Amino acid sequence: MFLRLAGLASALLLLAGCSGFQGQWDKTLAAPGATTGLQGPWQGIWRSDASGHTDVLRCLVTRDPGGAYRARFHAKYHKVLTFGYTVPLTVQQTNDTYLFQGSADLGWMAGGVYHYDGRASLTNFSSTYSCKYDHGVFEMSRP
């Protein structure tokens, strides 16, 4: 029960991180050339292997001029609550395959530090995630 309440509370706290996501999503979808390699929009699901819960997930991957990648995730929780956060990614590219890893501290109420490890092609994005209380997968493709 505590984990559910903590998840709900953290989702409410992270809701502020969602502001502007929809506008950026729409702008990215409308921009020609916004999808380059790993960069651009992704959509699919997240699934907790610990609880079995699953819901909608979207992501915008950007690369700054210095070469650093960032994944801005926007997820639904229980089909009602939404939350968002950004994860810096370390990326290794081999041809059209991108191997990545990253971590982000989402706060103690959301489970603390989450670790991500995954791979993407030009059309599919797959990652595992884990934290102190949860672990699971992200499965996405291009919209």
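Restrict the search to segment 29-134; then list the trypsin sites (Lys or Arg not before Pro) that DSSP places in a loop and that have at most 14 other Cβ atoms within 10 Å of their Cβ. Counting only loop positions with at most 14 other Cβ atoms within 10 Å, the trypsin sites (Lys or Arg not before Pro) in segment 29-134 are 79, 132.
Each principal axis of segment 60-143 carries a Cα extent, and these read 38, 25, 22 Å when sorted largest first.
Rounded to the nearest 20 debye, the dipole magnitude of the chain is 220 debye, with +1 charges on Lys and Arg beta carbons, -1 on Asp and Glu beta carbons, and the Cα centre as origin. Per atom type, the chain shows carbon and sulfur on 56% of its accessible surface, probed at 1.4 Å.
Solvent exposure of the chain, expressed per residue, is 55 Å² of accessible area, with all protein chains present and a 1.4 angstrom probe. If you wrap the chain in the convex hull of its Cα atoms and look at it from every side, the mean projected area works out to 8.2 nm².
Pairs of Cα atoms nearer than 8 Å and 6+ residues apart set the relative contact order; for the chain it is 23 percent.
The values are calculated or read from the model by the stated rules, or taken from the named source; none is laboratory data. Being a predicted model, the structure only gives us computed values, none of them experimental. Backbone-built Cβ (ideal geometry, glycine too); neighbour counts: all protein chains shown. For accessibility, only protein heavy atoms count, side chains too; no ligands or nucleic acids. Shrake-Rupley method; radii C 1.70, N 1.55, O 1.52, S 1.80 Å.
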